[in-house]
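Each remark here refers to the structure printed beneath this line.
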Ligand SMILES: C[S@@+](CC[C@H](N)C(=O)[O-])C[C@H]1O[C@@H](n2cnc3c(N)ncnc32)[C@H](O)[C@@H]1O
């Protein structure tokens, strides 16, 4: 149970096409993992429509990315032909098709669209793809305090839902929600350096909607795993 094919349909129907860099991702990279020196290698898992690519190009890093959607990777290769060899279609919970070791791995709301078991497998693989002292920055991993946590119609495991037909999770397949205990368990092979929780409560219109998510910075250490 890995990549949800619904993402390919979403991109084919021209939705979810975010193309501006995510502000939290920019802030976290610059604050906690500012690229230094030549040959700094960055892997983005679940790059989607490539919102973060211009940011990494500006930084002059060696950027690689993987996404499960053929439609979106095809489009990115057209838009960024110079990155063609470094953009791959694939399920990042099963295989990372690059032989490089990375200084930094970034994820904005992508790993959190998988089941608990797939996330465990993914983190174990990403651990092996990071250099020692390399970091993984995760932005917007959905929280169990998100008001949509209780709304999915299909329960895959305690933390994973699917079957949304409205709201931000409509028709995107699996959505994973985490609490602190669960995250600490998922990250047990890493050193957790930053764990921050964000909550935005909508006041108007009155629909009691709460967006809640986690931002994390975790590091691969020699002594773990
Ligand atoms: C919410 S979008 C985020 C896209 C991008 N990171 C952004 O912030 O604009 C989630 C992305 O993760 C990808 N994705 C989710 N699970 C995946 C998996 N197991 N393997 C590969 N891609 C996956 C989807 O195809 C989608 O492009």
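The values are calculated or read from the model by the stated rules, or taken from the named source; none is laboratory data. These figures come from a predicted structure and were not determined experimentally. Heads up, the Cβs are rebuilt from the backbone with ideal geometry, glycines too, and the neighbour counts pull from every protein chain shown.
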If we take the range 1-81, then helices (runs of 4 or more DSSP H) inside it with 2 or more residues that are surrounded by 18 or more Cβ atoms within 10 Å (Cβ to Cβ), at pLDDT 95 or above and within 14 Å of the chain's Cα centre (by Cα) are 23-32
The residue from 111, 66, 73 that alone is in contact with a helix residue (DSSP H, G or I) (Cβ under 7 Å, 6 or more places away or on another chain) and under 24 Å from residue 172 (Cα atoms) is 111
Within the range 82-107, the residues that are more than 17 Å from residue 35 (Cβ to Cβ), near the ligand (Cβ under 9 Å from one of its atoms) and either in contact with a helix residue (DSSP H, G or I) (Cβ under 8 Å, 6 or more places away or on another chain) or part of a helix (DSSP H, G or I) (or both) are 89, 92, 93, 94
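Surrounded by fewer than 14 Cβ atoms within 10 Å (Cβ to Cβ), in contact (Cβ under 8 Å) with a residue 40 or more places away in the chain and within 10 Å of the ligand (Cβ to nearest atom): does that describe residue 114?
no
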Screening 98, 142 for residues that are over 16 Å from the mean Cα position of the chain (by Cα) and either within 19 Å of residue 217 (Cβ to Cβ) or modelled with pLDDT of 95 or more (or both) leaves only 98
When residue 143 is run through (1) surrounded by fewer than 17 Cβ atoms within 10 Å (Cβ to Cβ); (2) under 28 Å from residue 10 (Cβ atoms), the failure sits at (1)
Pairing a residue in the range 190-214 that is without any contact (Cβ under 8 Å) to a residue 12 or more places away in the chain with any residue that is not in a strand (DSSP E or B), where Cβ atoms lie under 6 Å and the two sit 6 or more apart in sequence or on different chains, gives 202/209
Kindly establish whether residue 197 is within 18 Å of the chain's Cα centre (by Cα), at pLDDT 95 or above, farther than 19 Å from residue 122 by Cβ and assigned to a loop (DSSP other than H, G, I, E, B). no
Subset of the range 117-135, residues more than 14 Å from the ligand (Cβ to nearest atom) and either without any contact (Cβ under 8 Å) to a residue 60 or more places away in the chain or in a strand (DSSP E or B) (or both), comes to 128, 130, 131, 132, 133, 134, 135
Scanning the range 161-180 residue by residue, the ones that are more than 12 Å from the ligand (Cβ to nearest atom), at negative phi and either in contact with a strand residue (DSSP E or B) (Cβ under 6 Å, 6 or more places away or on another chain) or outside any loop (DSSP other than H, G, I, E, B) (or both) total 5
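Being free of Cβ contacts under 8 Å to residues at least 40 places away in the same chain and either within 21 Å of residue 20 (Cβ to Cβ) or in contact with a strand residue (DSSP E or B) (Cβ under 8 Å, 6 or more places away or on another chain) (or both) is the filter here, so list the residues in the range 37-60 that pass it.
39, 49, 50, 53, 54, 55, 56, 57, 58, 59, 60 - these are the residues of the range 37-60 that are free of Cβ contacts under 8 Å to residues at least 40 places away in the same chain and either within 21 Å of residue 20 (Cβ to Cβ) or in contact with a strand residue (DSSP E or B) (Cβ under 8 Å, 6 or more places away or on another chain) (or both).
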Using the structure shown, decide if residue 104 is surrounded by 22 or more Cβ atoms within 10 Å (Cβ to Cβ) and in contact with a strand residue (DSSP E or B) (Cβ under 9 Å, 6 or more places away or on another chain).
yes
